[in-house]
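> Sharing a structure below in structure tokens format, with a few things to ask.
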Amino acid sequence: MSVDRGKLVFVLPGLIVLVAIILFPLLFTIRVSLSSWDVAQPGLDWIGVTNYLRLAEDTRFWESFGRLALMALGSVALQYLLGFGLALLVWRDMRAGRFFRVLFLIPMMTTPVIMAVIWRTVFHESLGPANDVLRLLGMASLPWLSQAGLAMTSVIIVEVWQWTPFMFLMLLAGLLSLPREPFLAAAIDGAGPIRTFLRVTFPMIAPISIGAIIIRLIEASKIMDTVYVITSGGPGTATETSSYYIFIRGLRDFQIGYAASLSFTYLVIMAISLTIIAKVLARAMIVKDRAA
Amino acid sequence: MSLVSTELTRSVDGVAHLDGISCVLERGRFYVIVGPTLSGKTSLLHAFAGLDAPDTGRITLDGADLAAVPVWSRSVSMVYQQFINYPHLSVYENIAFPLRRRRLAQAELDSRVRAIAETVGLTSLLARLPGALSGGQQQRVALARSLVKGSDLLLLDEPLVNLDYKLREQLREEFLNIFSAQNRSILVYTTADPNEALLFDAEVLVMHEGRLLQVGSAQSVYARPATTAVARIFSDPPMNLVPGSIDAAGLRLANDVLLPRPRHLDALPPGPYVFGIHPGDVALAASGIASEVELAEISGSETFLHVRHADMRLVAHLSGVYAYALGENVEIVLEGAKLFAFGIDGGLAAAPESGG
Amino acid sequence: MSALYRALKYAAILLWSAFVIAPFLWALTTSFKTANGITGGPTYIPWLQYEPSLEGWRLLFRSGGGGIAIGGPYLSSLVVTISASLISLVLGTLAAYGLSRFTYRAGFVRNADITFFFISQRIMPPVVLAIPFFLMLQFLGLLDTEVGLIIVYIALLMPIAVWVMVDFFNTVPRELDESAMLDGCSPFEAFWRVILPNSKPGLVVAGLFCLIFGWNDFFFAFTLTFTQTQLLPVAIVALNSSVTPWWSLSAAALVSVAPLVVVAFVLESYLSRGNLAGAVR
């Protein structure tokens, strides 16, 4: 049937573009990881798995995963809690809230790098308002950007500011799409607000919660711009995430072969971790639902 | 002109939607396909329209094989049950849409659109968007759009099922008027409701699980269903079927109740049979088969009484409202002359004389 | 709902709103400062705590000396983002329609797999793609050009368009396409004349998402352009040095973020109209 010819026309251009532009880099990365391409010796030679052996002992690389996990999980958890909280506060009376809804949306739309540039001035230890506010509250100034733990905190604060709106948006849309009947039933059964939330609201919105968390985890793990501007991975390597380390090796030191092996390993680990997290979350939320 | 289908089959994910369908549809005639949901009615229409190609089999129109003809080149129209119209176009433009592809002169196009709109009762609504119309009006637009082309094949897939009862009656009448006024096309209408087929009094095709069970006039299918399956499908509520036997003494129902053998069943040899009777022919009497009420469904001014006698379960369709309680005892009478007899293979052995 | 609860609720909303606005207000007030207003410690209120000046804003039109001739980068960002978004939208919508309507089967690869392939590209961190892209553009002689960047952006933005539009098309009944074909349209005509005109909400959201993600990219612009082509985020970050001019930096930041606020208004009205029960998933 001639519908068949028609079908290909639609998908083909997009598929060609994507295969050429995404599949090629991936295959290229794998091939390059098996070479010793760097500034001194540019070009594709073959050194087998030497790069992978090197990275197996590269503690800086493995530690970066720990930092990445802390940063991603920490900021996404906060984003979820705050975003969900805000959505719960706002979803019942939507009419009044247009101004606030637009306002809440704005951070998500802004250019992360540019906001990071501003936040950097905010966290400036002597000239920035962050410490000024602390002094006003009677607390001591904090070395926001020069102490390991605080540097991580600063980055997380910026991430939370930037991306909580995403959670807010997704969960608000989800809440608004829920059917009313279970809530009416709960009200008739005399359930208070907390019980209604635990037994009705939360389980019903579980799929959307999972989806939002997974999406944010994927995006959070790629964090680059913010770290680059605010801490440059520092102090030392305190905020150096995996992709930042790959950036240093690949685009600063130009050890392209080694960076490629780091990239490929990183992709495999990320794909596996995210799949596991997705499955665990799905099971956790569904078990909770059944228990309810 | 005739549409001939030969051994059409189509399976999706291992389930047979069409299982060897062969039929001949003639120009100018009105056909109603009756069958429960998932019987393959929609799949058959899709095959006729060219939307889904059958896995095997042929469809020819006037001898020409349609397999090579893509949907957009066929002379087919379809009306769906979900009120499908182009939301971004006015009613006028909706109706004009099929004609615009043909590059007609504006005047000609205009007159044809208006003529159809008149036939279907939409003249005052031509400027509106479908979204601003009621369900019934939207279906009229869909119908108008399907008529304006004057296609060889006009398919309607349960078009009235999403409308309320009164509107359904009204539109059914209008459909009949419109359909009987034209004799160029083949009209195929599907429904899950056998009463609708009887109301249309059309040529009926009974489908079940992808197979064509019987073809004939609505009256004849009702009076002489070829198999127990047809008997159950082409009756709402379904025909009561009770296994039993015929022996020297008469009819035994469920090996329990003994009835005298009615005349029209005289010629049948003794042996096991499945007896059938329409719910409308099951009556209450002062004395008869002692039965217990299992359920009393009151629907409008009628009652469907589900009764049970030992292993035998029957549904009686009574006019009037009878609010029997669960477990109450009633006496059931089965009119002998209205009994159907089917062999244990399901085939019709004998049917009542005067059309059931 | 008790009064206490309501008070707490409004307090929470106000608190969060303050947190959201804070950096913008800080940038705004800082943009009117000069070195004096900064070196003494953080100041907030003009005239009371510091002497306001338009120097920061004037520097947006000069280069050198803390200035950032913002016109050029602004234009580059516009050209690159809009071009890439339009092309991504076109290609992505076509692919999404195909994925929504037709069944593709190539060996064991099916529709769901192809859609996943399109969308899973988002998992790739920019740094992994940067080197191959760098070498590819170098090979094509398109490094440091707007065209090169547009090509790269198309690869990044198309999955977004596909994601939004597939969800959207899945909510449009297939019978509409069928009707169009029965009325004489080929599959492409059905798409063009019937489905597309009814897809405005989906297209707007997909288009806006593409514009936002494109405008906000820093990393690829940073890695793939140097002197001849400079996009806005790169130009602004370049101001960071040992003596960062906070005033022009803040002014530039505000100016580049301003269009996004407008986009936020538009997007919000579409999203809360519930046009995308499916697309926001």
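> When all alpha-carbon pairs of region C:46-85 are counted, what percent fall beyond 17 Å?
Tail fraction, whole percent: 51.
> Same structure, new question: Show me the trypsin sites (Lys or Arg not before Pro) within region A:1-92 that DSSP assigns to loop and that have at most 11 other Cβ atoms within 10 Å of their Cβ.
A:Arg92
> Work out Dmax and Rg for region C:3-53 from the C-alpha atoms and quote the Rg first, both in angstrom.
Taking only Cα atoms of region C:3-53, I get Rg and Dmax of 15.5, 48 Å.
> Would you mind giving the mean number of other chain beta-carbons within 10 Å of the Cβ of each residue in C:170-176, as a whole number?
3
> Normalise the Cα radius of gyration of region C:123-179 by 2.2 N^0.38 Å (N = residues in it) and let me know the number.
Compactness ratio reported: 1.67.
> How much net charge surrounds B:Leu126 when only other residues with a Cβ under 10 Å from its Cβ are counted (Lys, Arg +1; Asp, Glu -1)?
Charge balance near B:Leu126 sits at +1.
> Please compute the net charge surrounding A:Val113, taking Lys and Arg as +1 and Asp and Glu as -1 over other residues with Cβ under 14 Å from its Cβ.
Around A:Val113, the charge tally is -1.
> For the protein assembly as shown, report the convex hull volume of the alpha-carbon atoms normalised per residue, in Å³, without decimals.
About 244 Å³ per residue, rounded to a whole number.
> To continue, here is another question. When chain C is treated as a GNM, springs tying every alpha-carbon pair under 10 Å, which of C:Gly56, C:Gly141, C:Gly67 comes out with the largest mean-square fluctuation?
Ranking C:Gly56, C:Gly141, C:Gly67 by mean-square fluctuation puts C:Gly141 first.
> Taking each pair of different alpha-carbon atoms in region A:1-80 once, compute 1/r for the pair, average those values, and report the inverse of that mean as the Kirkwood hydrodynamic radius in Å to one decimal.
So the Kirkwood estimate lands at 17.0 Å.
> Quick one: net charge of C:Ser83's neighbours, Cβ under 15 Å, K/R +1, D/E -1?
So the surrounding residues net to -2.
> Scan region B:96-137 for trypsin sites (Lys or Arg not before Pro) in coil per DSSP, keeping those whose Cβ has at most 16 other Cβ atoms within 10 Å, and list them by number.
B:Arg101, B:Arg102, B:Arg103, B:Arg128
> Hey, what does the equivalent ellipsoid look like for region C:71-243, semi-axes from the Cα gyration tensor as sqrt of 5 times each eigenvalue, largest first, whole Å?
Over the Cα atoms of region C:71-243, the semi-axes work out to 36, 18, 13 Å.
> For chain A, compute the orientation-averaged projected area of the C-alpha convex hull (one quarter of its surface), in nm².
23.4 nm²
> Right, another one. Residue by residue, what Karplus-based ³J(HN,Hα) values in Hz, rounded to whole numbers, does region B:273-289 have, using 6.51, -1.76 and 1.60 with θ = phi - 60° and x for Gly and Pro?
Residue by residue, region B:273-289 yields 9, 10, 9, x, 8, 5, x, x, 9, 9, 10, 8, 9, 5, 9, x, 7 Hz.
> Whole number please: convex hull volume per residue, Cα atoms of region B:220-328, in Å³.
Cα-based convex hull of region B:220-328, divided per residue, equals 119 Å³.
> Here's something else I'd like to know. Across chain B, how large is the tail of the calculated P(r) beyond 31 Å, expressed as a percent of all Cα pairs?
Value for chain B: 45 percent of Cα pairs lie more than 31 Å apart.
> Note the per residue figure in Å³ for the convex hull of the C-alpha positions in region A:138-199.
Expressed per residue, the convex hull around the Cα atoms of region A:138-199 is 140 Å³.
> Further question on the same structure: Do any trypsin sites (Lys or Arg not before Pro) in region B:157-220 lie in a DSSP loop with no more than 15 other beta carbon atoms within 10 Å, and if so, which?
B:Arg184
> Please name whichever of C:Phe188, C:Phe133, C:Phe222 sits farthest to the positive end of the charge dipole of chain C, dipole taken about the Cα centre and charges placed at Cβ: Lys and Arg +1, Asp and Glu -1.
Sorting the options by dipole projection puts first C:Phe222.
> Just need the relative contact order of region B:34-77 here, percent rounded to a whole number, with Cα pairs under 8 Å and 6+ apart.
That works out to 30 percent.
Values in this text are rule-based calculations from the coordinates and carry no lab data. As the structure is a prediction and not an experimental result, all values here were calculated from the model. A quick note on method: Cβ atoms are made from the backbone with ideal geometry, for glycine too, and the neighbour counts reach across all protein chains shown.
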